[in-house]
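Here is the structure we will look at, set down as C-alpha cells.
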Amino acid sequence: QMHLVESGGGLVQAGGSLRLSCAASGRTFSSYVMGWFRQAPGKERAFVAGISENARSTYYADSVTGRFTISRDNAKNTVYLQMNSLKPEDTAVYYCAATRNYYGSRVDRFDYWGQGTQVTVSS
C-alpha cells in the first residue's frame, strides 16, 4: 500500500502561482509513475500531468501545457506541481496518484490516490 498526502492548495488570484506537493510513503517511490489529476464540482476527475519513475519524461493535458510543471524528488519521496498563470477554470480539488508501468492519462489505471487539496482561483 502506498500512502499519498497532498499539500499546498489554497486561494489565489487569476494570474498567480501555487506549488502543490505530494509526499509518498509505504512503497518504493522511485518505482512508480506519478500523476496529478483534478476534479471540479460537477465534473469528472481529469488528468493534469504525469512524470516517469526517473523524471526523464513528463506529459501534460493540453489545458495546462506551458503553465504547469510536474517534477519529483525521489530522495524525498515527493512529487510537485508548479502552477503558474492560474485561471479561474483551474479551480478544482487536485489529487496526486501513483501507478506502475503506465504512461498515460486514464484515471482507472492509477492504483493509489491521495485525499486531495483544494485550489481556488478567483477572477
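The values are calculated or read from the model by the stated rules, or taken from the named source; none is laboratory data. A quick note: this is a predicted structure, and the numbers were derived from the prediction, not measured. Positions of Cβ are backbone-derived with ideal geometry, glycine not excepted, and every protein chain shown enters the neighbour counts. Each accessible area value is taken on the protein alone, full model and side chains, heavy atoms only, with ligands, DNA and RNA left out. Shrake-Rupley method; radii C 1.70, N 1.55, O 1.52, S 1.80 Å.
In square angstrom, rounded to the nearest 10, how much accessible surface does K76 have for a 1.4 Å probe?
140 Å²
Using Cα-only point scatterers and the Debye equation, what is log10 of I(q)/I(0) for the chain at each q in 0.10, 0.12, 0.16, 0.23 Å⁻¹, rounded to two decimals?
So the normalised log intensities work out to -0.26, -0.38, -0.68, -1.41.
Might you work out the accessible area of D62 for me, using a 1.4 Å probe with all protein chains in place, and round it to the nearest 10 Å²?
Counting only protein heavy atoms, D62 exposes about 140 Å² to solvent.
How do 96-103, 116-123 rank on mean C-beta neighbours within 10 Å, highest first?
Top of the packing list down: 96-103, 116-123.
Using θ = phi - 60° and the Karplus form 6.51 cos²θ - 1.76 cosθ + 1.60, what ³J(HN,Hα) does each residue of segment 5-21 get, whole Hz, x for Gly and Pro?
Each residue's phi maps through the Karplus curve to give 10, 8, 8, x, x, x, 9, 9, 7, 4, x, x, 10, 9, 10, 8, 10 Hz.
Just round it to a whole percent: the fraction of Cα-Cα distances in segment 51-123 exceeding 13 Å. The partial results should precede the final answer.
Numbers: 1890 of 2628 pairs.
Percent of Cα pairs beyond 13 Å in segment 51-123: 72.
Take the Cβ-Cβ distance between S52 and Q118 as r, set R0 to 22 Å, and report the resulting FRET efficiency rounded to the nearest 0.05. Write down the numbers at each step before the final one.
Details: r = 27 Å, r/R0 = 1.25.
E between S52 and Q118, to the nearest 0.05, is 0.20.
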